[in-house]
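S.K.: Okay, handing you the structure first.
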Amino acid sequence: MEDQTARQMLLFLKDSPTAFHAVSRMEKELRAHGYQRLWEREVWCLEPGGRYYVIRNDSSIIAFHIGTELSGYGFHIVASHSDSPTFKIKEQAELEIRRKYVQLNTEGYGGMLCSTWFDRPLSVAGRVMVKENDHLVTKLLNIDRDLVLIPSMAIHMNRSANDGYVYNKQVDLLPLFSSGGSRKGRLKRLVAEELQVLEQEIYGSDLYLYNRQEPSIWGAEGEFVSSQRLDDLQCAYASLRGFLEGHQAQEVSVFACFDNEEVGSRTRQGAGSTFLYDTLRRIHLGLGKTEEEYYQAIAGSLMLSADNAHAVHPNHPEKTDLENCVYMNEGVVIKSHAGQKYTSDALSIALFRMICERAEVPVQYFANRSDMAGGSTLGNISSEKVSLPSVDIGLAQLAMHSAYETAGVKDTNYMIRATREFYRTAIKEEQGAFFL
């Protein structure tokens, strides 16, 4: 069962080389399950029992299933993110070196492990804005072949390479695109050929590098899974599955996947934007509810902020807390932080633990070492716009922000079961007492 789920998840990742492709893939799943697309610029006509989704910037998506018994309802939300650290191609995309090489001119997106991008097959994917009959239309691009590579410098020319090296993204990490026989302008021609359009019809693009190495299930007992973009598409895939398989009549179930988490979420499509707030408000007003009822609904809501966590590293177990540390294949991780980089508190942890007990899903607890700074994620950022109870969760993985990350085969299924049970569970409060 776990192996089959892991393979399905890897197919999803392989189809999702960028955030744009991931959202497109999610949209196909939603449409196959009867969800109807809404557009932010149009009037929303909603009804109890309805299934809907809305997309912003082609890279963030929110889907929701409205219950049919909404007296005293709340929102059940699971949030993940669609982006991963990579390299973005600049508008003036090509650099010629001594008339012998052409490189792609890139800049870093997010905090990647630079060394993992060397000497492996890469390609280019993203979205392209094309003019068609006086209209601008979006086309997804994936040049589905080994196209570029970032070559390491030989040890003979950098004898201290194994003693530590500070990478310069403008010098060391530009990918080799072609030899001197191909002059500048070839990338745009290649994009036009792939999309079967004229070069002059291309008016803009958001293009990124992605790792072409095939995803893999490996280990003595096939217990590990490795791929690009496990952070955070593993959680996105699992929570989408949970959302599609779980729902109950007394709540509004919400699946959210935001872009730009890796660069701070402060964009119009990020968790720090009004996207979630706007969507929840429009759902509430579209159902004919009052302003007072909106505040009641928010107070009765719960968010699972789903983003992967650091597993104990076999070579460096000292980097994690002695007790609050987690391992692959041992269940969903609950993350806590005294400085509130994670939003988990006693109430949200307790509610999520009860849900996992119902789903027979094991849980683990993660906190950073007290002398090491950790990263933040979606929950605390989104709460600036929509303040509701939240718990930060994830799945344990190694090599976070590598071009090729590793996680546990069993854990995707654990997350599916936990989020499915979350969506199926009505959470009620009476005078400070909570019950499921």
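S.K.: On each of the three principal axes of the Cα atoms of region 142-192, give max minus min coordinate, whole Å, ordered largest first.
M.R.: Extents along the principal axes, in whole Å: 44, 24, 19.
S.K.: Further question on the same structure: Can you list residues from other chains, or at least 5 along the same chain, whose modelled amide H is less than 5 Å from the amide H of Asn105?
M.R.: Lys90, Glu94, Leu95
S.K.: In square angstrom, rounded to the nearest 10, how much accessible surface does Phe64 have for a 1.4 Å probe?
M.R.: So the heavy atoms of Phe64 present about 0 Å² to solvent.
S.K.: Take the chain, connect every pair of alpha-carbon atoms lying under 10 Å apart with a spring to form a Gaussian network, then pick out the residue of Gly50, Gly331, Gly219 with the largest mean-square fluctuation.
M.R.: Looking only at Gly50, Gly331, Gly219, the largest GNM fluctuation is found for Gly219.
S.K.: Oh, and also: Kindly write out, for region 310-316 in residue order, the coupling ³J(HN,Hα) from the Karplus curve 6.51 cos²θ - 1.76 cosθ + 1.60 (θ = phi - 60°), rounded to whole Hz, with x marking Gly and Pro.
M.R.: My calculation for region 310-316 gives 7, 6, 4, 7, x, 8, 9 Hz in order.
S.K.: Additional query: For region 161-227, what log10 I(q)/I(0) values come out of the Debye formula at q = 0.14 1/Å, with one point per alpha carbon and no solvent?
M.R.: Ignoring solvent entirely, the Cα scatterers give -0.78.
S.K.: Work out how much length Asp144 to Glu223 would gain on full extension: take 0.36 nm times their residue separation and subtract the Cα-Cα distance, in nm to one decimal. Provide the component values of the computation, followed by the final result.
M.R.: Values: separation 79, 0.36 × 79 = 28.44 nm, distance 2.86 nm.
Length gained, Asp144 through Glu223: 25.6 nm.
S.K.: Percent antiparallel among DSSP beta bridges with both residues in region 1-96, to the nearest 5?
M.R.: Rounded to the nearest five, the antiparallel share is 65 percent.
S.K.: Here's another thing I want to ask about it. For region 401-417, in order, what is each residue's ³J(HN,Hα) by Karplus, 6.51 cos²θ - 1.76 cosθ + 1.60 with θ = phi - 60°, in whole Hz (x at glycine and Pro)?
M.R.: Along region 401-417, the couplings run 6, 7, 5, 8, 9, 10, 9, x, 4, 6, 6, 4, 5, 4, 5, 4, 5 Hz.
S.K.: Scattering from the C-alpha atoms of region 252-292 alone, worked out with Debye: what is log10 I(q)/I(0) at q = 0.14, 0.24 1/Å?
M.R.: -0.38, -0.79
S.K.: If you keep only loop residues by DSSP, which trypsin sites (Lys or Arg not before Pro) in region 337-418 have at most 15 other Cβ atoms within 10 Å of their Cβ?
M.R.: Arg369, Lys385
S.K.: Where Rh denotes the Kirkwood radius from the mean inverse Cα pair distance, what is Rg over Rh for the chain?
M.R.: Rg divided by Rh gives 0.99.
S.K.: Check the straight Cα-Cα distances from Lys289 and name the lysines below 27 Å, setting aside those fewer than 8 residues away within the same chain.
M.R.: The qualifying lysines are Lys385, Lys428.
S.K.: On to the next question. Students often get this wrong: which residues of region 56-96 have the backbone nitrogen under 15 Å from the point 7 angstrom along Cα-to-C-beta of Met129?
M.R.: Residues passing the 15 Å test: 57-59, 91-92.
S.K.: Sticking with this one: Run the numbers for Glu91 and Glu69: contour at 0.36 nm per residue of separation, minus the present Cα-Cα distance, in nm.
M.R.: Contour length minus the Cα-Cα distance gives 2.8 nm.
S.K.: Sticking with this structure for a sec: Starting from the Cα of Arg266, step 7 Å toward the Cβ, then list every residue of region 67-93 with an amide N under 13 Å from that point.
M.R.: Inside the label zone: nothing.
S.K.: Further, regarding this structure: For region 1-93, with the dipole built from +1 on Lys and Arg beta-carbon atoms and -1 on Asp and Glu ones, taken about the Cα centre, which of Ile77, Val23, Gln4 lies farthest toward the positive end?
M.R.: The residue sitting most towards the positive pole is Val23.
S.K.: Just Glu29, Glu357, Glu292 to compare: in a GNM of the chain, with alpha carbon springs under 10 Å, which one fluctuates most?
M.R.: Glu292
S.K.: If you don't mind, there's one more thing I want to ask. To test your reading of the geometry: what angle, between 0 and 90 degrees and rounded to tens, separates the Cα axis of helix 2-14 from the longest principal axis of the chain?
M.R.: 50 degrees
S.K.: Starting from 0 in steps of 10 Å, tell me what percent of the Cα-Cα pairs of region 260-377 lands in each bin.
M.R.: The calculated distribution, bin by bin, is 11, 32, 33, 18, 5, 1.
S.K.: Using the Karplus curve 6.51 cos²θ - 1.76 cosθ + 1.60 with θ = phi - 60°, what ³J(HN,Hα) values do you get for each residue of region 29-35, in whole Hz, with x for Gly and Pro?
M.R.: Result, rounded to whole Hz: 5, 5, 5, 5, 9, x, 8.
S.K.: Something else about it: Using only the Cα atoms of region 84-187, build the gyration tensor, take square roots of its eigenvalues as a ≥ b ≥ c, and label the shape rounded, prolate or oblate: rounded if a/c is under 1.5, else prolate if a/b is larger than b/c, else oblate.
M.R.: Details: a/c = 2.58, a/b = 1.71, b/c = 1.51.
In terms of gyration-tensor shape, prolate.
S.K.: Given the options Val128, Val137, Val78, which has the most mean-square fluctuation in a GNM of the chain, springs set between C-alpha atoms less than 10 angstrom apart?
M.R.: Of Val128, Val137, Val78, the most mobile in the Gaussian network model is Val137.
S.K.: For region 328-386, what class follows from the C-alpha gyration tensor (a ≥ b ≥ c being the square roots of its eigenvalues): rounded when a/c is under 1.5, otherwise prolate if a/b is larger than b/c, else oblate?
M.R.: It is oblate, given that a/c is not under 1.5 and a/b is not larger than b/c.
S.K.: Here's another thing I want to ask about it. Which of the trypsin sites (Lys or Arg not before Pro) across region 23-95 are loop residues per DSSP, with 16 or fewer other Cβ within 10 Å?
M.R.: Arg41
S.K.: With a Cα-only, solvent-free Debye model of region 1-129, what are the log10 I(q)/I(0) values at q = 0.09, 0.15, 0.16, 0.18 Å⁻¹?
M.R.: Calculated log10 I(q)/I(0) at the listed q: -0.42, -0.93, -1.01, -1.16.
S.K.: How much of the accessible area of the chain, in percent, comes from carbon and sulfur atoms when a 1.4 Å probe is used?
M.R.: Working: 9410 of 19790 Å².
C and S atoms contribute 48 percent here.
The values are calculated or read from the model by the stated rules, or taken from the named source; none is laboratory data. Nothing here was measured: the structure is a model prediction, and the numbers come from that model. For neighbour counting, all protein chains shown are included, and Cβ atoms are generated from backbone atoms with ideal geometry for every residue, glycine included. Accessible surface areas use protein heavy atoms only, side chains included; no ligands, DNA or RNA. Shrake-Rupley method; radii C 1.70, N 1.55, O 1.52, S 1.80 Å.
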